[in-house]
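Remarks on the structure that follows.
None of the figures in this text is laboratory data; all of them are computed from the coordinates on show. Nothing here was measured: the structure is a model prediction, and the numbers come from that model. With ideal geometry, Cβ positions are generated from the backbone for all residues, glycine too; neighbour counts draw on all protein chains shown.
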C-alpha cells in the first residue's frame, strides 16, 4: 500500500488494511497481547458481574427518559 496516512486511504484500502491486521492477529502462532491480570477464571468474574448488576425498581424512569427530562429543563 503506497499511502502513508490513514486519512489518505480510500475506503477499499482501509478495509483491506483492517482485514490484514485481523487476519494476522487470528493466526494461531501469534502471541496474544491480552494477559489476564487476575488468577480467577473469567467465568467466575462474569458471574460476579451479573450478581452485582443494578436492576432498577419497576416504574423507575429509564436513562433515556431522564436525559430527555434534563434536556427539557
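Roughly speaking, what is the stretch gain from residue 19 to residue 50, that is 0.36 nm per residue apart minus the C-alpha to C-alpha distance, in nm to one decimal?
7.8 nm
Based on a Kirkwood Rh over C-alpha pairs, give the Stokes-Einstein translational diffusion coefficient of the stretch 6-72 at 20 °C and viscosity 1.002 mPa s in µm²/s.
After rounding, the answer is 122 µm²/s.
Between residue 9 and residue 43, what is the label-point separation in nm under the 7 Å Cα-to-beta-carbon projection?
About 3.8 nm separates the two model spin labels.
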